[in-house]
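Working notes, structure below.
The values are calculated or read from the model by the stated rules, or taken from the named source; none is laboratory data. Note that the structure is a prediction, hence the values are computed from the model and not measured. Every residue, glycine as well, gets a Cβ built from its backbone with ideal geometry; the counts of neighbours run over all protein chains shown.
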Amino acid sequence: MTRIAIDPITRIEGHLRIEVEVENGVVKDAWSSGTMFRGLELILKDRDPRDAWVFAQRACGVCTTVHALASVRAVENALQLRIPTNARLIRNLIAGIQFVQDHVIHFYHLHALDWVDVVSALSADPAATAQLAGSLSDWPTNSTGNFKTVQAKLKTFVDSGQLGPFANGYWGHPAYKLPPEANLMAVAHYLEALDWQRDVIKIQAMLGGKNPHPQSYVVGGMAMGVDPNSPTALTTRRLSEVTELTQEAQAFVEGVYLPDVLAIAGLYKDWAGVGAGIGNYLAYGDFPEDDSGQPEAFYLPRGRIMNRDLTKVEAVDHIGVGESVSHSWYTYGGDDGALKHPWDGVTEPTYTGPRPPFDTLEGSDKYSWLKAPRYEDQPMEVGPLARMLVAYASGHKDVKAGVDGILSALGVGPEALFSTLGRVAARALETKLLIARMSTWQADLEHNLDTGDLAIADISRWDPASWPADAKGWGMEEAPRGALAHWVVIKDQKIANYQLVVPSTWNGSPRDARGRRGAWEEALIGTPVADPERPVEVLRTIHSFDPCMACAVHVHDPAAGSGVEIQVV
Amino acid sequence: MRLMGGASVTTRRSSSGGPIVPRPDHPVRWGRPMAHQDGLYDALVARGISRRDFLRFSAAMTAALSLPGSYTARVAAAVAAAPRVPVIWLEGQDCAGNTEAFLRASHPTVAELVLDTLSVNYHETIMAPSGKAAEQSMADTIATYPNGYVLIVEGGIPIAEGGIYCTVGGRTFESIVRDAADKALAIISVGTCAFDGGLPAANGGPTGAVGVNTVAPRAKVINLPGCPLNVQNLTATLVHFLTFDEWPAVDTYDRPLFAYGQLIHDQCERRAHFEQGEYVVAWGDEGHRKGWCLYKMGCKGPETFANCPTVRFNDRTSWPVKVGHGCVGCTMPSFWDEMSPFYRRLPTPPPFATEVTADQVGIGLVAAVTGLAAAHGAISYARHRRQVAAGTAQTAETVPAGTATMAESTETATSPSPDDVVDEKGTDQ
């Protein structure tokens with residue numbers, strides 16, 4: 001057996017180290033380690049709860065905005081505020097374009113290089129590439145001329161000897177299966193998506209002042225004037241600019257992203273049998289479509305799927321969430337295996353790993369800065385696949401039609417969903433549904449403004465003197481990478497405790513007190529590794545979750561018996 | 001008055017007293033050794049950019065940098081001649097927000113190409129290889145371009161407990177920054193965390209986070225704080241470096257004056273309402289809908305130095321105050337503690353302009369910055385001529401006397417304050 005350490009895992013947000021043990025070319029065991037700690041929860045203590053969202057938003061700049069939303073929801077929940085219709089719809093629009101932009105960036109800029117051999121694109125025939133692309137969609141740049149230009153650019157780039165971010169990639173690895181033409185098409189769209197993402201996210205600048213880290217939330221609603229008759233407020237005219245960008249986003253999603261995903265997935269169908277993982281899926285649900293705050297009114301539903309059983313959707317309550325630290329670099333004062341609900345959560349960093357520089361975490365009982373969240377003591381997977389499965393099993397009309405359509409296009413059965421490829425497809429389907437839904441929310445917003453409703457925030461509890469001495473709240477949300485929640489305890493107008501349980505903590509969780517692996521660790525079991533020096537297959541499965549942290553993956557291949565050879569790759 | 005960032009100004013000194021201009025006889029400048037092929041202008045032409053667009057870009061950069069218009073040709077020439085600059089971009093205690101800002105580089109097409117035309121050899125968020133292969137990309141860059149690459153650092157550097165709060169490849173982030181900084185030609189800190197530790201350094205943070213200045217030679221470092229930074233300022237700073245072989249003039253916090261030389265308050269589109277005594281006092285009130293001043297909602301614009309109102313974000317689309325939320329002061333030192341609570345109005349109200357004295361703060365700073373811009377242009381030009389003539393670099397200059405005096409004079413301003421204006425609704429918490 002060989003133990004391989006991969007650190008840094010790149011093309012993610014944050015710092016991730018993965019160690020895996022490989023035997024006979026297959027992963028037998030895996031460890032996921034978050035290698036960076038900031039202490040956000042400790043920094044938030046004693047601060048003004050109305051400020052918390054500004055701090056919390058900085059948990060992530062890639063899936064920016066999502067922590068701001070979870071934070072204001074948690075404080076609003078604690079103060080029992082109900083936000084106005086305008087604020088609800090504007091929040092949906094900001095979150096909606098975040099999903100769409102983030103998912104597309106993930107596919108092209110963070111994940112595609114695991115499937116697409118950039119160097120191979122040099123030997124493609126541009127005319128055949130145009131034919132291939134034309135068979136998938138009528139996107140205007142799918143022309144021989146454009147592919148020729150892209151290929152020439154690529155050639156200049158490679159010939160310069162300065163390969164930049166593409167240097168030392170795993171080019172030529174036998175796991176790359178696409179024909180040169182598909183590779184060239186993907187490279188062209190990689191470049192096109194760079195321009196696209198920059199444009200469409202302007203919706204967040206219009207509604208939030210900037211991206212990343214939009215700055216228009218307040219506890220109780222949004223910090224912006226809405227008034228069709230004031231040029232300095234959010235007007236119908238400004239919303240028409242949002243419409244233009246939404247249309248641009250939708251055109252690319254339907255004309256480029258979806259066809260590319262289906263085409264590439266069709267050539268990697270064996271990956272529908274890899275990376276299944278733990279089989280428990282958790283979705284908090286999101287995108288409220290009325291003002292009740294009830295999950296029944298969410299566009300994407302709340303629920304759980306256990307043991308891949310799509311015949312039942314289990315209930316979800318925030319009280320079911322708990323975190324332990326048996327294998328994490330924290331202490332609970334002697335009871336590290338206890339599942340603590342976040343209201344009672346404790347963040348006491350206690351590093352017990354090897355002193356740097358180190359080659360392996362082997363032998364470290366605690367091995368990550370991530371805690372181990374569990375739902376009613378069960379490990380869960382979160383993310384687009386979890387959301388689509390919960391919606392599918394709930395009978396969601398759009399999702400059902402979409403999932404069935406993709407399965408039929410690929411010629412695979414529902415069991416293919418539980419896989420590395422399933423995550424890629426679920427993300428694409430979700431993008432398609434959300435960009436279409438944004439028009440509905442915007443129409444609702446315009447209609448509401450037409451009725452003369454200009455309310456944007458509930459300010460009845462803006463003054464902290466109006467608060468109870470003790471209050472507790474929770475804010476649930478779906479972020480692009482999965483179920484996200486913040487919990488806040490307020491005492492005497494200040495934050496007494498603040499805890500975040502984020503998607504990549506669920507997915508990247510280390511083992512728990514009972515030794516059960518987290519979602520990434522479990523999904524890696526059985527992943528083929530043709531060349532331990534170049535473990536691109538491990539990256540495929542890890543990236544299919546779209547990790548959001550700053551860590552690394554260790555591939556670990558212990559030789560039989562006690563002598564374990566450590567390879568740092 | 002606290003945090004008067006723009007007051008005392010010194011251009012960069014190296015530890016030996018000279019500027020960090022590479023020696024004229026230095027074998028390596030940008031890119032490959034001795035390389036001046038692959039000029040950017042050629043690259044732009046190859047990508048279908050017209051000369052007219054290129055010159056328009058150069059003019060915009062000249063303006064952004066507060067250079068005299070006559071510099072446009074020089075900017076264009078310098079940028080066009082540069083081969084791709086090798087870059088190592090390190091991420092420590094970060095959120096990748098500055099990386100995302102970088103991906104939004106948006107000065108239509110051309111600035112994007114300037115950034116494309118860097119050779120980003122190591123950047124964990126975008127690079128193809130992982131693990132050891134990724135580390136090889138960094139080692140190759142340092143070995144191939146000693147003193148010839150730009151190091152960009154994002155995120156705080158935790159130094160408590162031997163640096164165990166952030167490791168990459170089993171090494172502490174601190175040691176990685178030190179090694180990469182050693183052979184870097186120049187270092188840019190992007191965002192507030194790399195500037196002074198930022199969020200992880202805020203009160204309560206246990207990791208001992210510090211900024212790049214603490215672990216790398218200050219003489220090499222220029223700071224572009226902001227949460228995240230405005231990518232336009234990164235582009236302009238790089239263009240300045242290409243044009244003059246050195247950083248633009250900076251303030252006491254090593255922030256370039258062209259971007260951080262003026263108060264937000266003095267450039268704010270809502271300023272007239274401040275002068276008129278028209279304030280938002282509750283979210284969604286009439287003033288909020290009409291775009292009145294956000295001072296009473298806690299806006300930190302009166303004490304924050306940055307060019308957000310003029311440059312704005314996302315291809316000049318907007319900025320927070322335009323939308324309706326106050327500035328949180330994110331370009332300022334220790335802003336997470338110094339500027340919060342974010343909704344509490346500033347303890348020292350900014351004075352009104354009066355008919356007799358106008359606004360002391362505004363006048364003082366505008367005069368100072370105008371003077372600085374002019375002085376900077378002249379100094380840069382003079383330095384350039386000296387360098388050309390003598391092949392030597394000259395030592396740092398200080399700005400003309402009087403700048404500090406003007407700033408100090410604001411401390412004694414006794415204009416009426418906005419807090420004298422009675423709140424009609426009385427809810428100006």
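Which of (1) without any contact (Cβ under 8 Å) to a residue 24 or more places away in the chain; (2) closer than 23 Å to A:Val502 by Cα; (3) of a type in the set (Val, Ile, Thr) is the odd one out, the single condition A:Thr352 does not satisfy? Here A:Thr352 clears every test but (2). Would a scan of segment B:184-202 turn up a residue that is facing another protein chain (nearest Cβ under 10 Å), assigned to a loop (DSSP other than H, G, I, E, B) and among the aliphatic types (A, V, I, L, M)? Yes, that holds for at least one residue. Inside segment A:456-492, residues that are more than 28 Å from B:Arg289 (Cβ to Cβ) and not charged (D, E, K, R) make up a count of 17.
Of all residues in segment A:78-101, none are within 11 Å of chain B (Cβ to nearest Cβ) and touching a His at 6+ places or on another chain (Cβ under 8 Å).
Close Cβ contacts (under 6 Å, 6 or more residues apart or on different chains) running from residues in segment B:152-174 that are in the same structural domain as B:Met138 (by TED's automatic domain parsing) and closer than 26 Å to B:Thr235 by Cβ to residues that are outside any helix (DSSP H, G or I) and of a type in the set (Ser, Thr, Tyr) comprise B:Val153/B:Ser189.
Looking only at residues of segment B:167-183 that are more than 15 Å from A:Thr360 (Cβ to Cβ) and among the hydroxyl-bearing types (Ser, Thr, Tyr), we find that the one that is nearest to the other protein chains (Cβ to nearest Cβ) is B:Thr172. Filtered by the rule that a residue be facing another protein chain (nearest Cβ under 7 Å) and charged (D, E, K, R), segment B:294-325 gives B:Asp315, B:Lys322.
For segment A:41-58, how many residues meet the condition of being in a loop (DSSP other than H, G, I, E, B) and crowded, with 24+ Cβ neighbours inside 10 Å? Lay out the reasoning, then the answer.
The first filter runs over segment A:41-58 and keeps only residues in a loop (DSSP other than H, G, I, E, B), leaving A:45-48, A:58.
So of that shortlist, the ones also crowded, with 24+ Cβ neighbours inside 10 Å come out as A:58.
Within segment A:41-58, residues that are in a loop (DSSP other than H, G, I, E, B) and crowded, with 24+ Cβ neighbours inside 10 Å number 1.
Every listed requirement among (1) under 13 Å from A:Ala78 (Cβ atoms); (2) not in a loop (DSSP other than H, G, I, E, B) is met by A:Pro468 save one, (2).
Quick one: in segment B:329-338, of everything that is surrounded by fewer than 24 Cβ atoms within 10 Å (Cβ to Cβ) and of a type outside the set (Asp, Glu), which residue is farthest from A:Arg47 (Cα to Cα)?
Going through segment B:329-338, the residues surrounded by fewer than 24 Cβ atoms within 10 Å (Cβ to Cβ) turn out to be B:333-334, B:337-338.
Still in the running and of a type outside the set (Asp, Glu): B:333-334.
Values: B:Pro333: 19, B:Ser334: 15 Å.
Going through the qualifying residues, I end up with B:Pro333.
If you go through segment A:207-241 and pick out every residue that is crowded, with 23+ Cβ neighbours inside 10 Å and either in a loop (DSSP other than H, G, I, E, B) or of a type outside the set (Phe, Trp, Tyr) (or both), you end up with 20.
Here are A:Ala186, A:Ala193: which of them is closer than 30 Å to B:Ala133 by Cα, away from every other protein chain (no Cβ under 11 Å) and either among the basic types (Lys, Arg) or crowded, with 20+ Cβ neighbours inside 10 Å (or both)? The conditions single out A:Ala186. Total residues in segment B:326-355 satisfying the condition of being touching a helix residue (DSSP H, G or I) at 6+ places or on another chain (Cβ under 8 Å) and at the interface with chain A (Cβ under 9 Å from one of its Cβ atoms): the figure is 9. Checking segment A:111-122 against the condition returns a match, with at least one residue being within 14 Å of the chain's Cα centre (by Cα), assigned to a helix (DSSP H, G or I) and crowded, with 19+ Cβ neighbours inside 10 Å. Only residues that are over 23 Å from B:Thr207 (Cα atoms) and in contact with a helix residue (DSSP H, G or I) (Cβ under 8 Å, 6 or more places away or on another chain) were counted in segment A:343-372, giving 0. Could you go through segment B:139-147 and let me know if any residue there is more than 7 Å from every other protein chain (Cβ to nearest Cβ) and in contact with a Pro (Cβ under 7 Å, 6 or more places away or on another chain). Yes: one or more hits. Residues in segment A:148-180 that are buried (at least 16 other Cβ atoms within 10 Å of the Cβ), within 8 Å of another protein chain (Cβ to nearest Cβ), on the phi < 0 side of the Ramachandran plot and in a helix (DSSP H, G or I): A:Lys153, A:Pro165, A:Phe166.
I'm trying to understand the selection: among the residues of segment A:4-40, which are small (Gly, Ala, Ser) and crowded, with 24+ Cβ neighbours inside 10 Å? Those that are small (Gly, Ala, Ser) and crowded, with 24+ Cβ neighbours inside 10 Å: A:Ala5, A:Gly14, A:Ala30, A:Ser32, A:Ser33, A:Gly34.
Which residues, counting only those in segment B:259-292, are charged (D, E, K, R) and within 13 Å of chain A (Cβ to nearest Cβ)? Scanning segment B:259-292 gives B:Glu269, B:Arg270, B:Glu278, B:Asp285, B:Glu286, B:Arg289, B:Lys290.
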